[in-house]
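The values are calculated or read from the model by the stated rules, or taken from the named source; none is laboratory data. Predicted model, so just to flag it, every value in this text is computed and none were measured. Every residue, glycine as well, gets a Cβ built from its backbone with ideal geometry; the counts of neighbours run over all protein chains shown.
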Amino acid sequence: MYAYIKGTLEEIIEDNIVVEAGNIGYNVKVSTTTTDLLPGLGSEVKIYTYTLVREDTFSLYGFLTRDDLEIFKKLITVNGIGPKGGLAILSVMNADALRFAIMAGDAKAIAKAPGVGNKTAERVILDLRDKISLEDTLRGLEEPVVAGDTLSGDAGTDHVMKKEAIEALVALGYSASDAAGAVKKVEVTEDTTVESILKMALKYMF
């Protein structure tokens, strides 16, 4: 129903915030990760929202990025993971870390979320592994300049090189999670090549 709400941050109460927009105060449920990143009260915020409508409830769930919103939508398609469980998982790891965990089959990392046991975490991995691609995981590696839907300029080149480096590490037998995490730490300069990214990433693997 609502794509996002842009307004003044009026209250932060545990896992709930109030955003005033158009003289209306919206109650929005958020993860603790989101509350930790919010600006101070009275600041303007833009919250991407998911609307849950049931016979006995009308609730808004909010996120600071579309990326977090999209991974939340995927999470709540998993049997046993409702909106509350989705927020719990995103309270112990961000969207990138969750994708890494899913690709690596790291159920223990997901099970750290309150109320999410090992069996439920394994179900998340089983159900979402085919819905999470290496390209999805690479979203967090850069915040490139965008022209339409196409990466442009140096940012696009950096993105491609990092993607190739991760694929090479995976081909060498490293997990996608470890490979993406190591490559993300590499600083790209004008002289950087795929080979140099690989060399630096390998140092972070140990």
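Considering the stretch 97-129, the residues that are of a type in the set (D, E, K, R) and assigned to a loop (DSSP other than H, G, I, E, B) include one that is modelled with the lowest pLDDT, namely 106. Can you say whether residue 60 is surrounded by 12 or more Cβ atoms within 10 Å (Cβ to Cβ) and either farther than 27 Å from residue 122 by Cα or in contact with a strand residue (DSSP E or B) (Cβ under 7 Å, 6 or more places away or on another chain) (or both), as far as the supplied structure shows? Against the criterion (surrounded by 12 or more Cβ atoms within 10 Å (Cβ to Cβ) and either farther than 27 Å from residue 122 by Cα or in contact with a strand residue (DSSP E or B) (Cβ under 7 Å, 6 or more places away or on another chain) (or both)), residue 60 qualifies.
Conditions (1) of a type outside the set (Gly, Ala, Ser); (2) without any contact (Cβ under 8 Å) to a residue 60 or more places away in the chain; (3) under 12 Å from residue 50 (Cβ atoms); (4) surrounded by fewer than 19 Cβ atoms within 10 Å (Cβ to Cβ), marked per residue:
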position: 65; (1), (2), (3), (4): yes, yes, no, yes
position: 70; (1), (2), (3), (4): yes, yes, yes, yes
position: 81; (1), (2), (3), (4): yes, yes, no, no
position: 85; (1), (2), (3), (4): no, yes, no, no
position: 89; (1), (2), (3), (4): yes, yes, no, no
position: 95; (1), (2), (3), (4): no, yes, no, no
position: 102; (1), (2), (3), (4): yes, yes, no, no
position: 107; (1), (2), (3), (4): no, yes, no, no
position: 117; (1), (2), (3), (4): no, yes, no, yes
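Condition (residue is modelled with pLDDT of 65 or more, in a helix (DSSP H, G or I) and under 19 Å from the mean Cα position of the chain (by Cα)) applied to the stretch 149-161: is it met by at least one residue? Checked against the condition, which is being modelled with pLDDT of 65 or more, in a helix (DSSP H, G or I) and under 19 Å from the mean Cα position of the chain (by Cα), the stretch 149-161 yields at least one hit. So, of the residues in the stretch 36-57 that are surrounded by 11 or more Cβ atoms within 10 Å (Cβ to Cβ) and over 21 Å from the mean Cα position of the chain (by Cα), which turns out to be farthest from residue 24 (Cα to Cα)? Among those that are surrounded by 11 or more Cβ atoms within 10 Å (Cβ to Cβ) and over 21 Å from the mean Cα position of the chain (by Cα), it is 41.
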